[in-house]
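J.: Before we start, here is the structure in question, set down as structure tokens.
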Amino acid sequence: MTSEDPYLWLEDIEDPRVVEWALRRDEKTRKLLADAASAIARRAAKLFSTPYVVTIKAGERGYFILERLPSSYRVRLLTRDGEDFTLVDSRDLGENVVIKQIYPSLHGDVLAFSASAGSDEGLARLIDVETGEVLDELWGVTYGFVWLDKHRYYYVRQYRREKTPDGVKPPASRVLLREDGSEEIVFGEGLPTAHYINLYPSTDGTRALLGVGYGWTWCKAYGGRLDDPSTWDLVYGTEEFIAYPVDWTANSYIVVSLEGEGYGRVLAVREEGGSKVVVAETKYPLKGAALAGNALVVHYLVNASSSLLVYDLEGRRLGEINFEVPGTVSSLSSYGGEAVFKYESFWIPYRLYRFRDGKLEVIESREVKGDFTVEDAWTESSDGTKIHMFVFRKKGVKTDKVLVYGYGGFGKALTPTFSLCRVLFVEDGGTFVMANVRGGGEYGEKWHKAGVREKRQKVFEDFMACIEYFKKKGAKVVATGVSNGGLLVGAVLTQRPGLLDGAVIGYPILDMLRFHKLYVGKYWVSEYGDPDNPKDAEYLLRYSPYHNVKKTKYPPTLVYTGFKDDRVHPAHALKFVAKLEEVGAPVLLRVERESGHSGAGPRIKLKECVDVMAFIYKVLGLKPEELQKGSS
């Protein structure tokens, strides 16, 4: 294998030679970008001072809010009376720590949270909300904390390095019951490698709700009495489509199912058997639902922008919730008679809403002031398929310096979300474009499946069509993507380098013949195909960016990654850069020591943002606003 892959040695990131190789290039990159970065940094720091809410969850005591501040992550409790209490600050856990997720108990007396320095593996800590006392700590990849009482709880552990206690090879997941420091598997025994489990409680606290699935191909809904795992059984679903439980009410499980055309419908499944359709499938993809008393709030995407419809439990439509600016609803959940959710858009970091008694109220809100606009644009792919784009810019700005962002995989929908990098870029006269290409979830499960496995070339062609749309208008274009989006940009770069003025590739998957051997890559076989299968390997090799670097003229390219990434191995980035260097391509590598796929501490993320934008500004000939005004 070594003779076929001369850069295999770069996969050993524990080897000092590899670290030295990477950091030498990183140092060169930072020096080259230093002048442009320093001009951007001052305004970026000011923008970064705007708090950003990651998630909100409702409980008996009020609203648990996880937010990113300029120098830390914070968890706070906001009561319904308006009192505000800080429960956790990441600075108390160490430098550059990211708090990734929160799990308050329904009564609000206990809180679990997961934290790390950017890796998926990290610390889970359970605290007493009233006293702050640490009740328990776990290490690894853990999530889905659900309480029986203050000292007994279930959680999901993902085994990544070692076999499960029942002997299944990693990666694999199991539900454990933990009490007084000891634990046992209570669900998932025998579930094969690369299958996952999600766990959460019903809002009345009586039922366990579980999703059990394989990759992004199928998921089944399970449920049972919370206090008796022996009752946790299949509620709805097969290995042909995605289904997951939402809640439990009126002796029925509320289930979202993506069978049929794959847009989604809501079912009520009775415990003793039998089901009925509560909300039928529409032409818009259904992305989630939550109970609000006797009402059901259902989240749809309309041209990749969120819209909420309200129904009663018999399926009668009661109302609609729309937003004046295209945006994204997330953290949709419920407690008691109310549903809560977060809304954000390109220049709106967050608005927190609650819906109860048929009324919508704002809990908190922030936005960046500016004369911004977001428009819809459409283009056609190579096979005539229409592709939607969001175009975010300042009003009156000429669309001639364009940053096109794409993802195209795993059924993930790209919707309008807040990013300080994007706001900064647009404030300085750039145009940010979000491309809704196939492989994502913007137009239902069929849209996702149209870009998986041997069909993935269609995703790349969709993205090329979006780039061509602006090139034909005379614009300079830089393409950017992260993770699977890094694969997207890498494929376009190696297939049509002349189409791009620049490429920015972050935390990428690029070696399509070895992704399944690195970290948790086996999870992605259902999406990409199996490199060990000769038939799959044939089409993977045709587009694998790492294997398709050739001697030609490439545009300036920045590849960036982090040594703490334990989901997508940094070797994808390092090996690709080595190949590009071999053919004399103008490529830069940026490596962050304290960053991973789960992010980084706010200060590190700010530095990464500034350097990435400095590269983009240089390629597009864009000047920071303060330089345009002639200030120092």
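J.: Would you kindly derive the ³J(HN,Hα) couplings of the stretch 74-87 from the backbone phi angles with the Karplus curve 6.51 cos²θ - 1.76 cosθ + 1.60 (θ = phi - 60°), listing them in order in whole Hz, with x for Gly and Pro?
T.: Values, residue by residue: 9, 10, 9, 10, 10, 6, 5, 8, x, 6, 10, 10, 7, 9 Hz.
J.: A further question on this structure: Quick one: accessible area per residue over the stretch 276-358, 1.4 Å probe, rounded to a whole number of Å²?
T.: In whole numbers, the stretch 276-358 has 35 Å² accessible per residue.
J.: Work out the P(r) tail for the stretch 489-560: percent of alpha carbon pairs separated by more than 19 Å, whole number.
T.: When all Cα pairs of the stretch 489-560 are counted, 37 percent exceed 19 Å.
J.: Taking the highest mean first, how do the peptides 376-382, 563-569 order by number of other beta carbon atoms within 10 angstrom per residue?
T.: Order by mean packing, descending: 563-569, 376-382.
J.: Using the Cα centre as the reference, give the magnitude of the dipole from point charges on the C-beta atoms of the chain (Lys, Arg: +1; Asp, Glu: -1; all else neutral), rounded to the nearest 20 debye.
T.: Dipole size: approximately 2640 debye.
J.: Divide, for the stretch 550-632, the radius of gyration over alpha carbons by 2.2 N^0.38 Å, where N is the residue count. All intermediate terms of the calculation are to be shown ahead of the outcome.
T.: Numbers: Rg = 15.2 Å, N = 83, 2.2 N^0.38 = 11.8 Å.
Dividing the Cα radius of gyration by 2.2 N^0.38 Å gives 1.29.
J.: Express the relative contact order of the chain as a whole percentage, based on alpha carbon pairs under 8 Å and six or more residues apart in sequence. It would help to have the intermediate numbers written out before the result.
T.: Numbers: 1601 pairs, mean separation 76.9, N = 632.
The normalised contact order for the chain reaches 12 percent.
J.: Treat each spin label as a single point 7 Å out from the Cα along the C-beta direction, and report the L23 to L135 distance in nm.
T.: My value for the distance between the label points is 4.2 nm.
J.: Using a/c under 1.5 as the rounded threshold, could you call the stretch 437-478 rounded, prolate or oblate? The axes a ≥ b ≥ c are square roots of the C-alpha gyration tensor eigenvalues, and prolate needs a/b larger than b/c, oblate otherwise.
T.: The shape class here is prolate.
J.: Sticking with this structure for a sec: Mind checking which of V397, G358, G384 is farthest towards the positive end of the stretch 352-408's charge dipole, using Cβ charges of +1 (Lys, Arg) and -1 (Asp, Glu) about the Cα centre?
T.: It is V397.
J.: Turning to a different aspect of this structure: Give me a comma-separated list of calculated 3J(HN,Hα) values for the stretch 330-336, in order, Karplus coefficients 6.51, -1.76, 1.60 applied at θ = phi - 60°, integers in Hz, x for any Gly or Pro.
T.: Couplings: 8, 6, 6, 8, 9, 8, x Hz.
J.: Using the basic label-point model (7 angstrom from Cα toward the beta carbon), what is the V362 to E14 distance in nanometres?
T.: 5.2 nm
J.: Pairs K46/K369; K522/K607; K412/K446; K31/K605: which are spaced more than 20 Å apart, C-alpha to C-alpha?
T.: K522/K607
J.: Counting Lys and Arg as +1 and Asp and Glu as -1, each charge on the Cβ, what is the dipole of the stretch 129-244 about the Cα centre in debye, to the nearest 20? Could you put the intermediate results ahead of the total?
T.: Numbers: 12 positive and 18 negative charges, 101 e Å.
About 480 debye.
J.: I'd like the distance between the alpha-carbon centres of the stretch 195-222 and the stretch 358-386, rounded to an integer number of Å.
T.: The distance from the Cα centre of the stretch 195-222 to that of the stretch 358-386 comes to 31 Å.
J.: Mind giving me the FRET efficiency for V325 and D89? R0 is 30 Å, r the Cβ-Cβ distance, nearest 0.05 is fine.
T.: That gives a FRET efficiency of 0.45.
J.: OK, next. With unit charges on the beta carbons (Lys and Arg positive, Asp and Glu negative) and the dipole taken about the Cα centre of the stretch 372-522, which residue among P497, A450, H516 sits farthest to the positive side?
T.: My answer, from the dipole projection, is H516.
J.: Would you mind checking which residues have amide H under 5 Å from F187's amide H? H placed 1.01 Å from N; only 5 or more apart, or other chain.
T.: Amide H neighbours of F187, under 5 Å, 5+ apart: V175.
J.: Relative to the present Cα-Cα distance, how much length would full extension add between K449 and E239 at 0.36 nm per residue of separation?
T.: Full extension of this stretch gives 74.1 nm more.
J.: State the extension gain, in nm to one decimal, for the chain segment bounded by I185 and K517, taking 0.36 nm per residue of separation less the distance between their alpha-carbons.
T.: 116.8 nm
J.: Next question. When ranked by the protection proxy of mean other Cβ atoms within 10 Å per residue, highest first, what sequence do the peptides 301-309, 14-22 form?
T.: On the way: 301-309: 20.7, 14-22: 13.6.
Output ranking for 301-309, 14-22: 301-309, 14-22.
J.: Report the extension gain between D149 and D530 in nm, rounded to one decimal, defined as 0.36 nm multiplied by the number of residues separating them, less their alpha carbon distance.
T.: Between D149 and D530, full extension yields an extra 132.8 nm.
J.: If I compute solvent accessible area with a 1.4 Å probe over the protein chains, what percent of it on the chain is carbon and sulfur?
T.: The computed percentage sits at 48.
J.: Compute the accessible area per residue over the stretch 10-79, keeping the other protein chains in place, probe 1.4 Å, unit Å².
T.: Ligands and nucleic acids excluded, the result is 42 Å² per residue.
J.: Compute the FRET efficiency between D128 and D166 as 1/(1 + (r/R0)^6), taking r as their Cβ-Cβ distance and R0 = 35 Å, and round to the nearest 0.05.
T.: Step by step, r from the Cβ atoms, then E = 0.60.
J.: A follow-up question, please. Where in the stretch 416-480 are there trypsin sites (Lys or Arg not before Pro) that are in a DSSP coil and have at most 11 other Cβ atoms within 10 angstrom of their Cβ? Don't skip to the answer; put the middle values down first.
T.: Working: sites: R422, R438, K446, K449, R453, K455, R456, K458, K471, K472, K473, K476; in loops: R438, K472, K473.
In loop regions of the stretch 416-480 (DSSP not H, G, I, E or B), the sparsely surrounded trypsin sites (Lys or Arg not before Pro) are K472.
J.: Please give the charge dipole size of the stretch 318-384, origin at the Cα centre, charges +1 on K and R Cβ atoms and -1 on D and E Cβ atoms. Round to the nearest 20 debye.
T.: Numbers: 7 positive and 13 negative charges, 102 e Å.
Computed about the Cα centre, the dipole is about 500 debye.
J.: Run the reach check for K553 against aspartates and glutamates, Cα to Cα strictly under 16 Å, same-chain hits fewer than 8 apart removed. What comes back?
T.: Answer for K553, where 16 Å is the Cα cut-off: D501, E581, E582, listed by chain and number.
J.: Please report the spacing between the Cα centers of the stretch 334-354 and the stretch 223-249 in Å, no decimals.
T.: Here the answer is 27 Å between Cα centres.
J.: Could you tell me which of G599, L77, V18 has its Cα farthest along the dipole of the chain towards the positive end, charges placed at Cβ (Lys, Arg +1; Asp, Glu -1), taken about the Cα centre?
T.: V18
J.: Can you list residues from other chains, or at least 5 along the same chain, whose modelled amide H is less than 5 Å from the amide H of D204?
T.: W248
J.: Shape call for the stretch 119-234 from the C-alpha gyration tensor, a ≥ b ≥ c root eigenvalues: rounded (a/c under 1.5), prolate (a/b greater than b/c) or oblate?
T.: Oblate.
J.: Okay, moving on. Post the alpha-carbon centroid distance, the stretch 556-632 to the stretch 294-310, in whole angstrom.
T.: Using only Cα atoms, the two centres lie 36 Å from each other.
J.: Now for a different question. Below 8 Å, C-alpha to C-alpha, sequence gap of six or more: please give me the relative contact order for the stretch 437-490 in percent.
T.: On the way: 42 pairs, mean separation 12.5, N = 54.
Across the stretch 437-490, relative contact order equals 23 percent.
J.: Quick check: from the Cα gyration tensor, does the stretch 1-117 come out rounded (a/c under 1.5), prolate or oblate?
T.: Note, shape of the stretch 1-117 comes out oblate.
J.: Calculate the spin-label point distance for R603 paired with D376, positioning each point 7 Å from the Cα along the beta-carbon direction, and give it in nanometres.
T.: 4.5 nm
J.: Would you kindly derive the ³J(HN,Hα) couplings of the stretch 597-607 from the backbone phi angles with the Karplus curve 6.51 cos²θ - 1.76 cosθ + 1.60 (θ = phi - 60°), listing them in order in whole Hz, with x for Gly and Pro?
T.: 5, 8, x, 7, x, x, 5, 5, 5, 4, 4
The values are calculated or read from the model by the stated rules, or taken from the named source; none is laboratory data. Everything quoted here is computed from the prediction, not taken from an experiment. Neighbour counts are summed over all protein chains in view; Cβ atoms, including those assigned to glycine, are modelled from backbone coordinates with ideal geometry. Heavy atoms of the whole protein, side chains included, go into the accessibility calculation; ligands, DNA and RNA do not. Shrake-Rupley method; radii C 1.70, N 1.55, O 1.52, S 1.80 Å.
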